[in-house]
Amino acid sequence: RMVKNAINIADLRSIAKLRAHKMVFDYLDAGADDEISLRRGKDAYSELEMHYHVLSGLQPPLDLSTKVFGCDVKLPFFACPTAGNRMFHTEGETAAAKAAEHHGTLYGLSSLATTGIPEIGEICKGPKVFQLYVWKDRELVKDVLQKAKEGGFDALALTVDFTWYGNRERDIRNGFTIPPNYTPKQVWEAIKAPAWSWDFLANPAYNYACINTEVPADSLAAFVNSQINPAFDWKDAEWLLGEWGGPSAIKGVVRPDDAVLAKETGFSTMWVSNHGARQLETSPATIDVLPSIREAVGPDTEIILDGGVQRGTDIAKALALGADAVGVGKPYLYGLAAGGSDGVIKALEILRVELDRAMGLLGTGTVDDLKKRGPGLIKRRGA
Ligand code: FNR
(Lines give C-alpha, C1' and ligand atoms only; values in the text may rest on other atoms or scores of the structure.)
Protein backbone atom coordinates (compact mmCIF):
# COMPACT_ATOMS: atom_id res chain seq x y z
CA ARG A 1 0.00 0.00 0.00
CA MET A 2 2.78 2.37 0.95
CA VAL A 3 4.65 1.58 -2.26
CA LYS A 4 1.53 2.35 -4.28
CA ASN A 5 1.35 5.82 -2.75
CA ALA A 6 4.98 6.73 -3.49
CA ILE A 7 5.08 9.64 -5.91
CA ASN A 8 8.83 9.78 -6.45
CA ILE A 9 12.07 7.89 -5.83
CA ALA A 10 12.68 9.80 -2.58
CA ASP A 11 9.38 8.38 -1.25
CA LEU A 12 10.53 4.85 -2.08
CA ARG A 13 13.79 5.57 -0.27
CA SER A 14 11.87 6.62 2.86
CA ILE A 15 9.76 3.45 2.78
CA ALA A 16 12.89 1.32 2.25
CA LYS A 17 14.54 2.99 5.22
CA LEU A 18 11.55 2.16 7.41
CA ARG A 19 11.26 -1.45 6.28
CA ALA A 20 14.87 -2.65 5.98
CA HIS A 21 17.35 -3.51 8.72
CA LYS A 22 19.56 -0.45 9.27
CA MET A 23 22.71 -2.25 8.21
CA VAL A 24 21.09 -3.35 4.95
CA PHE A 25 19.61 0.05 4.16
CA ASP A 26 22.96 1.72 4.78
CA TYR A 27 24.76 -0.78 2.54
CA LEU A 28 22.32 0.18 -0.21
CA ASP A 29 22.35 3.92 0.38
CA ALA A 30 25.95 4.78 1.23
CA GLY A 31 28.90 6.15 -0.68
CA ALA A 32 32.62 5.95 0.06
CA ASP A 33 34.46 8.00 2.71
CA ASP A 34 32.75 11.36 3.32
CA GLU A 35 30.17 10.74 0.58
CA ILE A 36 31.29 13.81 -1.35
CA SER A 37 30.98 12.06 -4.73
CA LEU A 38 27.63 10.66 -3.67
CA ARG A 39 26.25 14.14 -3.05
CA ARG A 40 27.93 15.72 -6.07
CA GLY A 41 26.78 12.91 -8.35
CA LYS A 42 23.20 13.96 -7.65
CA ASP A 43 23.78 17.71 -7.33
CA ALA A 44 25.54 17.88 -10.70
CA TYR A 45 22.17 17.42 -12.42
CA SER A 46 20.74 20.46 -10.66
CA GLU A 47 23.50 22.62 -12.15
CA LEU A 48 22.20 21.77 -15.62
CA GLU A 49 19.19 23.63 -16.94
CA MET A 50 16.69 22.67 -19.61
CA HIS A 51 16.40 25.30 -22.34
CA TYR A 52 13.26 23.86 -23.90
CA HIS A 53 11.48 24.59 -27.15
CA VAL A 54 7.83 25.64 -27.13
CA LEU A 55 4.96 24.83 -29.48
CA SER A 56 6.77 21.82 -30.90
CA GLY A 57 3.49 20.21 -31.95
CA LEU A 58 4.24 16.88 -30.28
CA GLN A 59 1.36 14.42 -30.27
CA PRO A 60 1.42 11.95 -27.34
CA PRO A 61 2.23 9.19 -26.74
CA LEU A 62 5.93 9.91 -27.09
CA ASP A 63 8.26 7.15 -28.18
CA LEU A 64 10.73 6.21 -25.43
CA SER A 65 12.05 3.12 -27.20
CA THR A 66 15.65 2.70 -28.31
CA LYS A 67 18.39 0.09 -28.70
CA VAL A 68 21.02 -1.07 -26.20
CA PHE A 69 23.66 -3.70 -27.01
CA GLY A 70 21.82 -4.15 -30.31
CA CYS A 71 18.59 -5.14 -28.53
CA ASP A 72 15.27 -3.32 -28.84
CA VAL A 73 14.11 -1.83 -25.55
CA LYS A 74 11.00 0.17 -24.70
CA LEU A 75 12.84 2.52 -22.34
CA PRO A 76 16.22 4.30 -22.59
CA PHE A 77 16.97 3.51 -18.93
CA PHE A 78 17.42 0.22 -17.11
CA ALA A 79 18.28 -1.65 -13.91
CA CYS A 80 22.04 -1.71 -13.25
CA PRO A 81 23.77 -4.82 -11.92
CA THR A 82 23.79 -4.69 -8.11
CA ALA A 83 25.10 -7.20 -5.58
CA GLY A 84 23.21 -9.28 -3.04
CA ASN A 85 19.62 -8.31 -3.87
CA ARG A 86 18.10 -10.97 -1.62
CA MET A 87 19.36 -9.15 1.43
CA PHE A 88 17.05 -6.23 0.53
CA HIS A 89 14.00 -8.42 -0.09
CA THR A 90 13.52 -12.19 -0.49
CA GLU A 91 12.41 -11.75 -4.08
CA GLY A 92 15.86 -10.32 -4.79
CA GLU A 93 17.22 -10.29 -8.34
CA THR A 94 14.13 -12.17 -9.49
CA ALA A 95 11.99 -9.14 -8.64
CA ALA A 96 14.26 -6.74 -10.49
CA ALA A 97 14.52 -8.99 -13.55
CA LYS A 98 10.73 -9.39 -13.67
CA ALA A 99 10.26 -5.64 -13.34
CA ALA A 100 12.71 -5.00 -16.20
CA GLU A 101 10.80 -7.47 -18.35
CA HIS A 102 7.48 -5.87 -17.31
CA HIS A 103 8.74 -2.52 -18.61
CA GLY A 104 10.44 -4.03 -21.67
CA THR A 105 13.85 -2.75 -20.67
CA LEU A 106 17.36 -4.12 -20.14
CA TYR A 107 18.25 -6.01 -16.96
CA GLY A 108 21.77 -6.08 -15.51
CA LEU A 109 22.76 -9.09 -13.39
CA SER A 110 25.69 -8.71 -11.01
CA SER A 111 28.35 -11.39 -10.61
CA LEU A 112 27.73 -10.92 -6.88
CA ALA A 113 24.03 -11.71 -7.29
CA THR A 114 22.23 -13.91 -4.79
CA THR A 115 20.27 -15.59 -7.59
CA GLY A 116 21.80 -18.01 -10.11
CA ILE A 117 22.39 -17.21 -13.78
CA PRO A 118 20.12 -20.04 -15.09
CA GLU A 119 17.29 -18.91 -12.83
CA ILE A 120 17.46 -15.36 -14.21
CA GLY A 121 17.70 -16.70 -17.76
CA GLU A 122 14.52 -18.67 -17.09
CA ILE A 123 12.40 -15.80 -15.74
CA CYS A 124 13.78 -12.92 -17.83
CA LYS A 125 13.51 -13.50 -21.56
CA GLY A 126 14.12 -9.85 -22.43
CA PRO A 127 17.52 -8.27 -23.14
CA LYS A 128 20.05 -8.66 -20.36
CA VAL A 129 23.66 -7.88 -19.61
CA PHE A 130 25.89 -9.93 -17.33
CA GLN A 131 28.34 -8.00 -15.15
CA LEU A 132 31.73 -9.44 -14.33
CA TYR A 133 34.37 -8.40 -11.83
CA VAL A 134 38.08 -8.88 -12.46
CA TRP A 135 38.16 -12.28 -10.74
CA LYS A 136 41.51 -13.93 -10.09
CA ASP A 137 40.46 -17.35 -11.22
CA ARG A 138 40.32 -17.62 -15.02
CA GLU A 139 38.64 -21.03 -14.91
CA LEU A 140 35.86 -19.54 -12.82
CA VAL A 141 35.54 -16.70 -15.32
CA LYS A 142 35.29 -19.12 -18.25
CA ASP A 143 32.68 -21.14 -16.39
CA VAL A 144 30.61 -18.04 -15.59
CA LEU A 145 30.82 -16.78 -19.20
CA GLN A 146 29.57 -20.14 -20.40
CA LYS A 147 26.67 -19.98 -17.96
CA ALA A 148 25.85 -16.44 -19.09
CA LYS A 149 25.78 -17.57 -22.73
CA GLU A 150 23.55 -20.51 -21.87
CA GLY A 151 21.31 -18.21 -19.83
CA GLY A 152 20.68 -16.06 -22.91
CA PHE A 153 22.63 -12.99 -21.80
CA ASP A 154 23.10 -10.58 -24.71
CA ALA A 155 26.12 -8.67 -23.47
CA LEU A 156 28.96 -8.65 -20.97
CA ALA A 157 29.95 -5.71 -18.76
CA LEU A 158 33.37 -5.75 -17.15
CA THR A 159 33.44 -3.60 -14.01
CA VAL A 160 36.86 -1.98 -13.78
CA ASP A 161 36.45 0.41 -10.85
CA PHE A 162 36.39 -2.31 -8.22
CA THR A 163 39.99 -3.54 -7.97
CA TRP A 164 40.04 -2.46 -4.33
CA TYR A 165 36.92 -2.51 -2.17
CA GLY A 166 35.62 1.02 -1.50
CA ASN A 167 35.68 2.43 2.00
CA ARG A 168 32.02 2.43 3.06
CA GLU A 169 32.21 3.75 6.58
CA ARG A 170 28.53 3.28 7.35
CA ASP A 171 29.07 -0.47 6.79
CA ILE A 172 32.07 -0.52 9.11
CA ARG A 173 30.20 1.37 11.81
CA ASN A 174 27.16 -0.92 11.48
CA GLY A 175 29.28 -4.09 11.58
CA PHE A 176 27.69 -5.09 8.26
CA THR A 177 27.62 -8.86 7.75
CA ILE A 178 25.28 -11.23 5.94
CA PRO A 179 23.80 -13.13 7.73
CA PRO A 180 23.51 -10.55 10.51
CA ASN A 181 25.54 -11.29 13.60
CA TYR A 182 23.63 -11.57 16.83
CA THR A 183 25.03 -8.72 18.85
CA PRO A 184 22.45 -6.84 20.97
CA LYS A 185 22.69 -3.88 18.56
CA GLN A 186 21.92 -6.01 15.49
CA VAL A 187 19.08 -7.82 17.24
CA TRP A 188 17.60 -4.47 18.29
CA GLU A 189 17.81 -3.22 14.70
CA ALA A 190 16.17 -6.46 13.54
CA ILE A 191 13.32 -5.97 16.03
CA LYS A 192 12.81 -2.45 14.69
CA ALA A 193 12.50 -3.91 11.17
CA PRO A 194 10.04 -6.79 11.74
CA ALA A 195 8.87 -7.19 8.12
CA TRP A 196 12.43 -7.38 6.88
CA SER A 197 13.50 -9.76 9.69
CA TRP A 198 10.58 -12.11 9.16
CA ASP A 199 11.28 -12.22 5.46
CA PHE A 200 15.00 -12.74 5.94
CA LEU A 201 14.69 -15.47 8.59
CA ALA A 202 12.24 -17.39 6.41
CA ASN A 203 14.47 -17.15 3.34
CA PRO A 204 18.06 -16.54 4.37
CA ALA A 205 20.24 -15.11 1.64
CA TYR A 206 23.66 -16.37 2.62
CA ASN A 207 25.30 -17.10 -0.69
CA TYR A 208 26.44 -15.31 -3.78
CA ALA A 209 24.82 -17.93 -5.97
CA CYS A 210 25.91 -16.34 -9.20
CA ILE A 211 29.64 -16.75 -9.06
CA ASN A 212 30.17 -19.61 -6.63
CA THR A 213 27.63 -21.12 -4.25
CA GLU A 214 30.36 -22.35 -1.91
CA VAL A 215 31.37 -18.89 -0.78
CA PRO A 216 29.67 -17.68 2.38
CA ALA A 217 29.10 -13.97 2.21
CA ASP A 218 29.83 -13.08 5.79
CA SER A 219 32.14 -10.24 4.89
CA LEU A 220 31.71 -8.82 1.43
CA ALA A 221 34.86 -6.73 1.68
CA ALA A 222 37.01 -9.70 2.74
CA PHE A 223 35.47 -11.90 0.06
CA VAL A 224 36.10 -9.38 -2.67
CA ASN A 225 39.65 -8.69 -1.54
CA SER A 226 40.44 -12.40 -1.65
CA GLN A 227 38.81 -13.11 -5.02
CA ILE A 228 39.60 -10.01 -7.08
CA ASN A 229 42.77 -9.51 -9.11
CA PRO A 230 43.88 -5.90 -8.63
CA ALA A 231 46.61 -6.37 -11.25
CA PHE A 232 44.07 -7.06 -14.04
CA ASP A 233 45.13 -4.90 -17.02
CA TRP A 234 44.27 -4.12 -20.67
CA LYS A 235 45.92 -7.37 -21.83
CA ASP A 236 43.69 -9.36 -19.46
CA ALA A 237 40.71 -7.41 -20.78
CA GLU A 238 41.66 -8.42 -24.31
CA TRP A 239 41.79 -12.06 -23.23
CA LEU A 240 38.36 -11.73 -21.64
CA LEU A 241 36.82 -10.17 -24.75
CA GLY A 242 38.22 -13.04 -26.80
CA GLU A 243 36.58 -15.55 -24.46
CA TRP A 244 33.24 -13.75 -24.62
CA GLY A 245 33.04 -12.84 -28.30
CA GLY A 246 29.90 -10.70 -28.09
CA PRO A 247 28.77 -7.16 -27.27
CA SER A 248 30.79 -5.90 -24.32
CA ALA A 249 30.91 -2.86 -22.07
CA ILE A 250 33.67 -1.51 -19.89
CA LYS A 251 31.88 -0.31 -16.76
CA GLY A 252 33.54 2.38 -14.70
CA VAL A 253 35.33 4.71 -17.13
CA VAL A 254 35.37 8.41 -16.25
CA ARG A 255 38.12 9.65 -18.62
CA PRO A 256 38.13 10.27 -22.37
CA ASP A 257 41.61 8.74 -22.84
CA ASP A 258 40.59 5.52 -21.04
CA ALA A 259 37.48 5.35 -23.21
CA VAL A 260 39.63 5.60 -26.33
CA LEU A 261 41.90 2.81 -25.03
CA ALA A 262 38.86 0.70 -24.21
CA LYS A 263 37.53 1.18 -27.72
CA GLU A 264 40.89 0.16 -29.19
CA THR A 265 40.96 -2.89 -26.90
CA GLY A 266 37.66 -4.00 -28.42
CA PHE A 267 34.92 -2.97 -26.01
CA SER A 268 31.82 -2.09 -27.99
CA THR A 269 30.19 0.02 -25.25
CA MET A 270 31.61 2.63 -22.88
CA TRP A 271 29.80 2.54 -19.54
CA VAL A 272 30.49 5.84 -17.80
CA SER A 273 30.14 5.13 -14.08
CA ASN A 274 31.80 5.68 -10.72
CA HIS A 275 30.00 2.73 -9.15
CA GLY A 276 27.31 4.89 -7.60
CA ALA A 277 30.05 6.84 -5.71
CA ARG A 278 30.81 3.73 -3.64
CA GLN A 279 34.44 3.30 -4.71
CA LEU A 280 36.96 6.14 -5.20
CA GLU A 281 35.92 9.16 -3.16
CA THR A 282 35.94 12.48 -5.07
CA SER A 283 35.71 10.68 -8.39
CA PRO A 284 33.84 13.04 -10.71
CA ALA A 285 30.10 13.28 -11.22
CA THR A 286 29.48 11.07 -14.26
CA ILE A 287 27.17 13.60 -15.97
CA ASP A 288 30.03 16.14 -15.87
CA VAL A 289 32.51 13.89 -17.71
CA LEU A 290 29.99 12.48 -20.20
CA PRO A 291 30.31 15.18 -22.92
CA SER A 292 34.10 14.83 -23.14
CA ILE A 293 33.83 11.04 -23.40
CA ARG A 294 31.24 11.34 -26.16
CA GLU A 295 33.55 13.68 -28.00
CA ALA A 296 36.53 11.34 -27.58
CA VAL A 297 34.85 8.17 -28.88
CA GLY A 298 32.82 9.85 -31.62
CA PRO A 299 29.12 9.65 -32.46
CA ASP A 300 28.92 5.92 -33.29
CA THR A 301 30.24 4.24 -30.14
CA GLU A 302 27.54 3.23 -27.68
CA ILE A 303 27.69 4.99 -24.31
CA ILE A 304 25.84 4.03 -21.15
CA LEU A 305 25.83 6.39 -18.18
CA ASP A 306 24.89 5.72 -14.58
CA GLY A 307 25.25 7.49 -11.23
CA GLY A 308 23.08 9.83 -9.21
CA VAL A 309 20.00 9.52 -11.41
CA GLN A 310 16.86 10.02 -9.31
CA ARG A 311 14.53 11.81 -11.74
CA GLY A 312 13.27 11.58 -15.29
CA THR A 313 14.84 14.99 -15.95
CA ASP A 314 18.24 13.51 -14.97
CA ILE A 315 17.76 10.77 -17.57
CA ALA A 316 16.77 13.35 -20.21
CA LYS A 317 19.93 15.36 -19.47
CA ALA A 318 22.17 12.30 -19.79
CA LEU A 319 20.60 11.35 -23.13
CA ALA A 320 20.94 14.93 -24.32
CA LEU A 321 24.62 15.08 -23.39
CA GLY A 322 25.74 11.93 -25.15
CA ALA A 323 24.41 8.78 -23.45
CA ASP A 324 22.56 6.16 -25.49
CA ALA A 325 21.08 4.58 -22.38
CA VAL A 326 21.04 5.38 -18.67
CA GLY A 327 21.42 2.95 -15.78
CA VAL A 328 19.87 3.28 -12.35
CA GLY A 329 21.00 1.39 -9.25
CA LYS A 330 19.79 2.87 -5.98
CA PRO A 331 16.41 4.03 -7.35
CA TYR A 332 15.21 0.51 -8.12
CA LEU A 333 16.87 -0.98 -5.03
CA TYR A 334 14.88 1.46 -2.87
CA GLY A 335 11.81 0.05 -4.60
CA LEU A 336 12.99 -3.52 -3.98
CA ALA A 337 13.71 -2.92 -0.30
CA ALA A 338 10.38 -1.08 0.04
CA GLY A 339 8.19 -3.72 -1.56
CA GLY A 340 9.77 -6.48 -3.66
CA SER A 341 8.86 -6.71 -7.33
CA ASP A 342 5.94 -4.25 -6.97
CA GLY A 343 8.45 -1.76 -5.60
CA VAL A 344 10.86 -2.20 -8.51
CA ILE A 345 8.02 -1.97 -11.05
CA LYS A 346 6.91 1.21 -9.28
CA ALA A 347 10.42 2.72 -9.31
CA LEU A 348 10.79 2.18 -13.05
CA GLU A 349 7.24 3.44 -13.63
CA ILE A 350 7.95 6.67 -11.71
CA LEU A 351 11.03 7.28 -13.86
CA ARG A 352 9.17 6.39 -17.07
CA VAL A 353 6.38 8.90 -16.38
CA GLU A 354 8.90 11.57 -15.34
CA LEU A 355 11.03 11.06 -18.46
CA ASP A 356 7.96 11.12 -20.70
CA ARG A 357 6.88 14.43 -19.18
CA ALA A 358 10.38 15.91 -19.39
CA MET A 359 10.71 14.97 -23.07
CA GLY A 360 7.28 16.38 -23.84
CA LEU A 361 8.01 19.70 -22.18
CA LEU A 362 11.45 19.84 -23.81
CA GLY A 363 9.85 19.41 -27.21
CA THR A 364 11.56 16.13 -28.08
CA GLY A 365 9.26 13.32 -29.17
CA THR A 366 11.74 10.45 -29.50
CA VAL A 367 14.97 9.34 -27.86
CA ASP A 368 16.80 9.91 -31.15
CA ASP A 369 15.44 13.43 -31.40
CA LEU A 370 16.54 14.15 -27.83
CA LYS A 371 20.02 12.79 -28.54
CA LYS A 372 20.37 14.72 -31.79
CA ARG A 373 19.22 18.09 -30.48
CA GLY A 374 20.35 17.47 -26.92
CA PRO A 375 23.50 19.56 -26.53
CA GLY A 376 21.57 22.67 -27.59
CA LEU A 377 18.86 22.05 -25.00
CA ILE A 378 21.02 21.75 -21.88
CA LYS A 379 23.10 24.57 -20.41
CA ARG A 380 25.10 24.92 -17.26
CA ARG A 381 23.40 27.29 -14.84
CA GLY A 382 24.64 30.86 -15.28
CA ALA A 383 26.69 30.01 -18.37
C1 FNR B 1 26.14 -1.43 -6.97
N2 FNR B 1 26.88 -1.37 -8.14
C3 FNR B 1 27.45 -2.53 -8.65
N4 FNR B 1 28.11 -2.50 -9.84
C5 FNR B 1 28.64 -3.62 -10.36
O6 FNR B 1 29.21 -3.57 -11.45
N7 FNR B 1 28.52 -4.81 -9.69
C8 FNR B 1 27.89 -4.92 -8.50
O9 FNR B 1 27.80 -6.00 -7.91
C10 FNR B 1 27.35 -3.73 -7.92
N11 FNR B 1 26.72 -3.77 -6.71
C12 FNR B 1 26.08 -2.65 -6.24
C13 FNR B 1 25.34 -2.72 -5.06
C14 FNR B 1 24.64 -1.63 -4.61
C15 FNR B 1 23.84 -1.74 -3.35
C16 FNR B 1 24.67 -0.40 -5.35
C17 FNR B 1 23.89 0.80 -4.90
C18 FNR B 1 25.41 -0.33 -6.51
C19 FNR B 1 26.94 -0.13 -8.94
C20 FNR B 1 25.77 -0.04 -9.93
O21 FNR B 1 25.89 -0.97 -10.96
C22 FNR B 1 25.69 1.37 -10.57
O23 FNR B 1 26.92 1.67 -11.16
C24 FNR B 1 25.31 2.45 -9.57
O25 FNR B 1 24.38 1.96 -8.63
C26 FNR B 1 24.72 3.65 -10.29
O27 FNR B 1 24.51 4.72 -9.41
P28 FNR B 1 23.11 4.99 -8.66
O29 FNR B 1 22.01 4.84 -9.68
O30 FNR B 1 23.01 3.99 -7.57
O31 FNR B 1 23.26 6.38 -8.18
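Observations, loosely collected:
- Residue that is away from the ligand (no atom under 11 Å from the Cβ), closer than 30 Å to residue 125 by Cβ and in contact with a His (Cβ under 7 Å, 6 or more places away or on another chain), where the choices are 75, 64: 75
This table checks each residue for (1) acidic (Asp, Glu); (2) within 16 Å of the ligand (Cβ to nearest atom).
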| residue | (1), (2) |
| --- | --- |
| 24 | no, yes |
| 32 | no, yes |
| 43 | yes, yes |
| 60 | no, no |
| 79 | no, yes |
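- Candidates 108, 166, 121, 152, filtered to the one that is modelled with pLDDT of 90 or more, at positive phi and not basic (Lys, Arg): 152
- Selection from the range 283-300 of residues that are part of a loop (DSSP other than H, G, I, E, B) and either aromatic (Phe, Trp, Tyr) or more than 19 Å from the chain's Cα centre (by Cα) (or both): 298, 299, 300
- Enumeration of residues in the range 81-108 that are touching a helix residue (DSSP H, G or I) at 6+ places or on another chain (Cβ under 9 Å), part of a loop (DSSP other than H, G, I, E, B) and either within 21 Å of residue 196 (Cα to Cα) or more than 15 Å from the ligand (Cβ to nearest atom) (or both): 82, 83, 84, 88, 89, 90, 91
- Search result, residues across the range 323-379 that are within 15 Å of residue 287 (Cβ to Cβ), more than 15 Å from the ligand (Cβ to nearest atom) and β-branched (Val, Ile, Thr): 378
Let's see how each residue does on (1) over 26 Å from residue 149 (Cβ atoms); (2) free of Cβ contacts under 8 Å to residues at least 40 places away in the same chain; (3) not small (Gly, Ala, Ser):
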| site | (1), (2), (3) |
| --- | --- |
| 230 | yes, no, yes |
| 238 | no, yes, yes |
| 242 | no, yes, no |
| 247 | no, no, yes |
| 256 | yes, no, yes |
| 275 | no, no, yes |
| 282 | yes, no, yes |
| 288 | yes, no, yes |
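The values are calculated or read from the model by the stated rules, or taken from the named source; none is laboratory data. Small disclaimer: the values here were computed from a predicted structure and weren't measured. A quick note on method: Cβ atoms are made from the backbone with ideal geometry, for glycine too, and the neighbour counts reach across all protein chains shown.
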